[in-house]
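The values are calculated or read from the model by the stated rules, or taken from the named source; none is laboratory data. Predicted model only: the values in this text are computed from it and were never measured. Cβ coordinates were reconstructed from backbone atoms using ideal geometry, including for glycine residues, and neighbour counts include every protein chain displayed.
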């Protein structure tokens, strides 16, 4: 059975009731893992509070931060500050220089772009090539597709269609998330997968973007954040006494 | 289709679906759907729709985009899709039985 992931719930951090409602609704709709966007100010206290709510409804909680840097220096500073503190780092790219830096930095997990200003969507072939080599994913929030209408939705859909083609061409993983700030915009994973039809994502790819791709990313980051991680490909397998026994076994052989 | 609005009438539901299809695909797209509202269970807030199988992706994409029914905020979810009405009702029965059993187990 597929494990569905909604990596982007954006409740108001001050409104605990809304956060609880959204998490409970996500569990009811069939998600098993949820990522809640946290504010850098109250990071640790928020993580504990939301983790508790998620455990009550049997959901796996993923801590996530949405960075919105003004320039590349700001981005690098934030990355070094938060990389070891949260499981997922997403960068909302509001300028081309930030977008390029975020795409080539391996500490960035997700690239996201404005859904209102199409001139600030910098996901072109150069960006895709950098993102593919740094294994960053492209995230599409689907709540704006539900809440917007008319010309704004037309422009967003047209841009998303082009970006899906570019991402597929360069092998950039695509993630579909709700991006909802209200319970009204939460939908079932199947409903979100059906929305993929609007921007050229077939149902199989859309389901992968809601389950396997985000799940792999979470597992990879959790491995990296564990105490046993040393460097890419190097993990601590044994510690303390085990280590000495292991060494003896190895020398006797 | 499951509807998340307590006071929606059959007419309101049908209008909301049409409105969503028209907004997303226009009159030309809507003409391809051959959409009918077969049944609406007010108690369980569940509707059965019939559409052309070629237009299924259009209808499936339009239903999550419903945000208001009868002027009130609402959300609609797709519960089941099936080739015939008979098999759909059969699946629905199984689903309801499963839900009842799950509730009993919880009690």
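Structure above, values below:
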| read-out | value |
| --- | --- |
| Flag for residue A:153 being touching a helix residue (DSSP H, G or I) at 6+ places or on another chain (Cβ under 9 Å), crowded, with 16+ Cβ neighbours inside 10 Å and free of Cβ contacts under 8 Å to residues at least 24 places away in the same chain | yes |
| Only listed residue being touching a strand residue (DSSP E or B) at 6+ places or on another chain (Cβ under 6 Å), surrounded by fewer than 23 Cβ atoms within 10 Å (Cβ to Cβ), more than 24 Å from residue A:147 (Cα to Cα) and more than 10 Å from chain B (Cβ to nearest Cβ), chosen from A:218, A:236 | A:218 |
| Residue match in the range B:10-21 (condition: more than 14 Å from every other protein chain (Cβ to nearest Cβ), part of a loop (DSSP other than H, G, I, E, B) and modelled with pLDDT under 95) | no |
| Test: residue in the range A:125-137 that is at pLDDT 95 or above, touching a helix residue (DSSP H, G or I) at 6+ places or on another chain (Cβ under 9 Å) and under 19 Å from residue A:6 (Cβ atoms) | yes |
| Check on residue A:63, under 23 Å from residue A:160 (Cβ atoms) and at pLDDT 90 or above | no |
| Out of A:199, A:123, A:151, sole residue that is within 24 Å of residue B:66 (Cβ to Cβ) and under 20 Å from the mean Cα position of the chain (by Cα) | A:199 |
| Per-region count, the range B:64-85, residues closer than 19 Å to residue B:30 by Cα, facing another protein chain (nearest Cβ under 7 Å) and within 10 Å of the chain's Cα centre (by Cα) | 2 |
| Test: residue A:145 is within 14 Å of chain B (Cβ to nearest Cβ), modelled with pLDDT of 95 or more and either in contact with a helix residue (DSSP H, G or I) (Cβ under 8 Å, 6 or more places away or on another chain) or more than 21 Å from residue A:63 (Cβ to Cβ) (or both) | no |
| Single match in A:95, A:114 (criterion: surrounded by 14 or more Cβ atoms within 10 Å (Cβ to Cβ), within 23 Å of residue A:34 (Cα to Cα) and away from chain B (no Cβ under 14 Å)) | A:114 |
| Whichever residue in the range B:25-40 is within 14 Å of chain A (Cβ to nearest Cβ) and crowded, with 19+ Cβ neighbours inside 10 Å and, among such residues, is nearest to the chain's Cα centre (by Cα) | B:33 |
| Single condition residue B:49 does not satisfy, out of (1) away from every other protein chain (no Cβ under 14 Å); (2) outside any helix (DSSP H, G or I) | (1) |
| Residues (more than 13 Å from every other protein chain (Cβ to nearest Cβ) and over 16 Å from residue A:61 (Cα atoms)) located in the range A:178-203 | A:181 |
